[in-house]
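Everything below concerns the one structure shown next.
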Amino acid sequence: MEYLWIGLLLLCLLQLGVIVYLVFREKNICRKIHRILSAILEEEEIPQSDLEEGPLSALSARANQLQETLMLEVHQAKEEKEQVKQLISNMSHQLKTPLANVMMYQEMLKDQQLTREQRDNFLQRMSRQSEKIDWILNSLFKMVRLEQNAIEFQVQPLPVKETILDAVGSVYEKAKEKQIAIELKGADSLKLLHNRRWTREVFENLLENAVKYTQPGGSITIEITPLELYTEIAFYDTGAGIVPAEYQAIFRRFYRGKNAKLAEGSGIGLYLTRLILEKENGYITVSPGRGSGSCFKVLLQNAPCREMGGCACD
């Protein structure tokens, strides 16, 4: 009987020991989990040295992944916030001058002593400033949509000459006023993979700049040269040219080169051009012109040879 009581006592002590161990183990696990969560919240390194292999170690590894993901998202959110801040600042800077001009002309038009000729002149100037504001806002809207991948590009094999001629038509009157000749050289039936609407905007931006910075009586030459995988469309002008040190910088958002300071502009066109071509898997480069001016080269993908019409590999 005495042995029975001793056995029961030992059994009770064993159960008590197991309970104490489980309680202690649970508290230890909770304490380690608490440290892991605290490290995540405070962006500190998650402790690994005292974690044995098993579920807790696996939990720590997953917590590390979670921490890295959260830190990446926080970093991206900070970058996006800074980009929005910079964008608003740049928009304010770009719109400040034309808006001030519109308000100034509006005040001038209130003068009852203005002649009909003076009134018409101020109205024309106001109209040009309003068009500039509209262009800046539209360009900014396109730029933001392209940066956020909110636009899906549909490219297809299309005759590139028609796209170029559409762009030439948009600057023809300005070129004519400055007596600038525009010449197109290249294959008439050549088809390239591109989106006509957006690629036309690329060509328009390049031609607008060429006309703007070329002196009266100058020339612009567009040359189409088929290559193995791409076709090169080169825009040569006889304008002021670009400093070689700025060749990469001119494609940045809102950047304006040294030779462009005296001319009207926003620093959006070339940046928008680069964004569009990236969406089409195309490229753009800049180099010195022939003797004077600049040469912008656009490379677009050749259409597959099975497509109907002029193929780059024909």
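The figures follow:
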item: Test: residue in region 175-193 that is under 24 Å from residue 154 (Cα atoms), touching a residue at least 60 places away in the same chain (Cβ under 8 Å) and polar (S, T, N, Q); result: yes
item: Within region 173-209, considering residues that are part of a strand (DSSP E or B) and among the basic types (Lys, Arg), the one surrounded by the most Cβ atoms within 10 Å (Cβ to Cβ); result: 191
item: Per-region count, region 154-169, residues in contact (Cβ under 8 Å) with a residue 40 or more places away in the chain and loosely packed, with under 15 Cβ neighbours inside 10 Å; result: 1
item: Selected residue (criterion: farthest from residue 289 (Cα to Cα)) from residues of region 172-228 that are among the acidic types (Asp, Glu) and within 29 Å of the chain's Cα centre (by Cα); result: 228
item: Test for residue 212: is it modelled with pLDDT under 90, in a helix (DSSP H, G or I) and crowded, with 19+ Cβ neighbours inside 10 Å; result: no
item: Answer from 51, 99, 123, 114 - the residue that is modelled with pLDDT of 75 or more, more than 30 Å from residue 281 (Cα to Cα), touching a helix residue (DSSP H, G or I) at 6+ places or on another chain (Cβ under 9 Å) and part of a loop (DSSP other than H, G, I, E, B); result: 114
item: Residue match in region 138-158 (condition: assigned to a helix (DSSP H, G or I) and touching a Gly at 6+ places or on another chain (Cβ under 9 Å)); result: yes
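Per-residue answers, yes or no, for (1) of a type in the set (Ser, Thr, Tyr); (2) at pLDDT below 85; (3) on the phi > 0 side of the Ramachandran plot:
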site: 230; (1), (2), (3): yes, no, no
site: 236; (1), (2), (3): yes, no, no
site: 254; (1), (2), (3): no, yes, yes
site: 259; (1), (2), (3): no, yes, no
site: 262; (1), (2), (3): no, yes, no
site: 298; (1), (2), (3): no, no, no
site: 309; (1), (2), (3): no, yes, yes
site: 313; (1), (2), (3): no, yes, no
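The values are calculated or read from the model by the stated rules, or taken from the named source; none is laboratory data. Keep in mind it's a predicted model, so treat the numbers as computed, not measured. Positions of Cβ are generated from backbone atoms using ideal geometry, with glycine treated the same way; all protein chains shown enter the neighbour counts.
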